[in-house]
Amino acid sequence: MRKVLIGVHDKYCSMRAVEYMGKHFSLSDDLEVMLVHVLPNLPALFWDEGHILTDAEKQERQKVVDTWVSKQRDMIEPILQSMVRHLIKSGLRQEQVKMKFISGSVDVADSLLDEAKAGGYQTILMGRCGIQEGKHLLVGSIPSKLIQNAAGMGVCIVQ
């Protein structure tokens, strides 16, 4: 069975990747597609401000973090569902399309690569979002890191 992992970042650049998938690969019975959204590590707002937290403070902070993660999941869920519907409309069956939400990632590209390796995916497909000229050279980009580190896998970046 051929297995393709699609990294989902947002509605627009990720949908281009899904449309590409639907157009070029969907008429196949031996295909499994996994839509994966990786939520990066917590924003600075949730970081420890330098003092040792009491158990009550830890519990309170965990509630806030859990709420934030839940809201992020609630925002991406409709996007993932629309992508599933698009792939089914393109010719895939419901059982061929799966979704996954990964939270607390230190590095999005590494999380996608780990998921692809663990799941036996041969191809990673991703939409390329616009980035300021040259910025990716300083901080790196997810597609660049995937291309550099996806040994033994195909990587398809859709503009």
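The values are calculated or read from the model by the stated rules, or taken from the named source; none is laboratory data. Everything numeric in this text was worked out from a predicted model, so none of it was measured. Don't worry about glycine lacking a Cβ; one is built from the backbone with ideal geometry, like all the others, and counts go over all protein chains shown. With ligands, DNA and RNA removed, areas are computed over all heavy atoms of the protein, side chains included. Shrake-Rupley method; radii C 1.70, N 1.55, O 1.52, S 1.80 Å.
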How big is the dipole moment of the stretch 14-111 about its Cα centre under a simple scheme where the beta carbon of each Lys and Arg is +1, that of each Asp and Glu is -1, and everything else is neutral? Debye, nearest 20, please. 500 debye
The local net charge around V97, scoring Lys/Arg +1 and Asp/Glu -1 for residues other than V97 whose Cβ lies under 10 Å from its Cβ, equals +1
I need the per residue convex hull volume for the stretch 50-111, using only the alpha carbons, in cubic angstrom as a whole number. 118 Å³
Could you do me a favour and compute the accessible area per residue for the chain, 1.4 Å probe, result in Å²? 60 Å²
Percent accessible area from carbon and sulfur atoms, the chain, protein chains only, probe 1.4 Å: 55 percent
Lys and Arg at +1, Asp and Glu at -1: add these up for the other residues within a Cβ distance under 12 Å of R2 and post the number. -2
From phi via Karplus (6.51, -1.76, 1.60), per-residue ³J(HN,Hα) for the stretch 32-38 in Hz, x at Gly/Pro: 10, 10, 10, 8, 10, 10, 10
At 222 nm, what value in deg cm²/dmol follows for the chain if DSSP H runs of at least 4 each add -39500 (n - 2.57) and the sum is divided by all its residues, to the nearest 500? -15000 deg cm²/dmol
Cysteines in the chain that, by Cβ-Cβ distance, have no pairing candidate under 4.7 Å: C156
When P(r) over Cα pairs in 10 Å bins from 0, in percent is calculated directly from the model, which label among (1) 8, 24, 24, 18, 10, 6, 6, 4, 1, 0; (2) 10, 35, 29, 19, 7, 1; (3) 10, 36, 32, 16, 6, 1 fits? (3)
Full extension between D114 and M75 adds, at 0.36 nm per residue less the Cα distance, a length in nm of 11.7 nm
